[in-house]
Structures are given as structure tokens and as C-alpha cells.
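The values are calculated or read from the model by the stated rules, or taken from the named source; none is laboratory data. Everything numeric in this text was worked out from a predicted model, so none of it was measured. Note that each Cβ is placed from the backbone with ideal geometry, even for glycine, and that neighbours are counted across all protein chains shown.
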Amino acid sequence: MWTGGALTSETGVEYMPNLPTEEVFTSPDRRRADGVIRTTRPLVMPRVGVLVEDLEVTFEGGRIVDATASRGADAVRAELDRDEGARSLGEVSLVDGSSRVRAAGVTFHDTLYDENTGCHVAWGQGFPFCVEGGLAMSPESLREAGLNFSSAHTDVVVGGPGVDVDGITADGTVVPLIRDDAWALSARVG
């Protein structure tokens, strides 16, 4: 399930997981990523503070099989080796060009801000609340549903000017979501 903005805890308390929150996000099926992503913004690796630039990550069968960068690649590879789930996706997020964080023109060196400069993905831990009924499911059932588990969760920005984003429906129809850094999603799509 896609979500964004305010969430409600298991005890009924409404909260904001990110401030500012400019993203619509989900946890993808960890087994279904194939292809190459390239970052469009620098990343400061959480916990170790290493600057990573020009990161390129290759996925096969849902797993990261290669990671290169002009700077900081060793820190990325070290995190990817942290545990079994670190090499699979835990989040996919859509953010368009109207982002106030991007408009600030600053790299904050803090992922919770920097991630909102564009569309981003995260390797590592997924969100049980993004799986229908996920908060009531056992870890084993969540794994069977495709949710990723890891001690890592590192967001990398892969969107921005010149990046288009498409969705693919169950019947294979391609639906434009973001074009030239602006929402293209039609109000008719549900």
C-alpha cells in the first residue's frame, strides 16, 4: 500500500513519521527489483558519516549485486554486508519537483531531510504498515508477503529533473507518474 503524511499508531495516536513530509511511499516486494539505479544527489551514510557521490547500484532478482561510486563506495558495500536483508529494497518513494526541501538548495547531510529532495529508494528494512494487514501479521507472514527485514535502512535520491517515473498495473499497462519532475498521474487512476 502507498502512504504519506500522517500515520496512526497501533494505539490510535496520529503522528508524522517525517517532517517535512513531501513523499508518497511504500515498501516493495523485496524479491522483485531488477535493473540499475543512479543517485541524483549525494548521500551521507548514516552512522558513519561518509559522503557518497555518483552511486550506481545494480539489482538482480531483488538483491543488490554491485555498487560503485566515485566516492564512498566502500562504506556502501560495508552496509550492504551488514545482514541478509541489507541488499534488498525496503522503500520506494515518490517526490516531485515542488519539494520545499529541494527548493532550499541545501544538502543537509541528514537523510530524513535530504531524501525529500526527489524520488528515493532505500535498501534495508521495510514498513509493515505498507502491507495490507501488516501490523497484525507475524514476521514470517510479512516475509512471505515480500516485506524486507534488516538492521539497515538507507535512503538514496534517484529522482529529480530529467527523471521520469512510471507505474505498471497488474495487466501490464504503463502509467506515467512523474514527467519532467512534475506529477503526471491522472486523477482517474485509482
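Going residue by residue through the stretch 94-117, is there one that turns out to be farther than 22 Å from residue 7 by Cα, touching a Ser or Thr at 6+ places or on another chain (Cβ under 7 Å) and either basic (Lys, Arg) or surrounded by fewer than 13 Cβ atoms within 10 Å (Cβ to Cβ) (or both)?
So far as the stretch 94-117 goes, yes, one or more of its residues are farther than 22 Å from residue 7 by Cα, touching a Ser or Thr at 6+ places or on another chain (Cβ under 7 Å) and either basic (Lys, Arg) or surrounded by fewer than 13 Cβ atoms within 10 Å (Cβ to Cβ) (or both).
Exactly one of these conditions fails for residue 95: (1) out of contact with any Cys (no Cβ under 9 Å at 6 or more places or on another chain); (2) touching a residue at least 40 places away in the same chain (Cβ under 8 Å); (3) more than 17 Å from residue 55 (Cα to Cα). Give me its number.
(1)
For the stretch 136-160, give me each residue that is over 19 Å from residue 62 (Cα atoms) and surrounded by 11 or more Cβ atoms within 10 Å (Cβ to Cβ).
If the condition is that a residue be over 19 Å from residue 62 (Cα atoms) and surrounded by 11 or more Cβ atoms within 10 Å (Cβ to Cβ), then 137, 159, 160 are the ones that fit.
Take the conditions in contact with a strand residue (DSSP E or B) (Cβ under 8 Å, 6 or more places away or on another chain), acidic (Asp, Glu) and at pLDDT below 90 and apply them to residue 110. Does it pass? Walk me through it before giving the result.
Details: in contact with a strand residue (DSSP E or B) (Cβ under 8 Å, 6 or more places away or on another chain): yes; acidic (Asp, Glu): yes; at pLDDT below 90: yes.
Yes; evaluated as a whole, the condition is true for this residue.
Any chance the stretch 69-79 includes a residue that's under 30 Å from residue 132 (Cα atoms) and either crowded, with 17+ Cβ neighbours inside 10 Å or in contact with an Asp or Glu (Cβ under 8 Å, 6 or more places away or on another chain) (or both)? Quick ask: steps written out before the conclusion?
Filtering the stretch 69-79 down to residues under 30 Å from residue 132 (Cα atoms) leaves 79.
Next, only the ones that are either crowded, with 17+ Cβ neighbours inside 10 Å or in contact with an Asp or Glu (Cβ under 8 Å, 6 or more places away or on another chain) (or both) stay: 79.
Within the stretch 69-79, one or more residues are under 30 Å from residue 132 (Cα atoms) and either crowded, with 17+ Cβ neighbours inside 10 Å or in contact with an Asp or Glu (Cβ under 8 Å, 6 or more places away or on another chain) (or both).
Which of the residues belonging to the stretch 16-51 are without any contact (Cβ under 8 Å) to a residue 40 or more places away in the chain, of a type in the set (Val, Ile, Thr) and assigned to a strand (DSSP E or B)?
36
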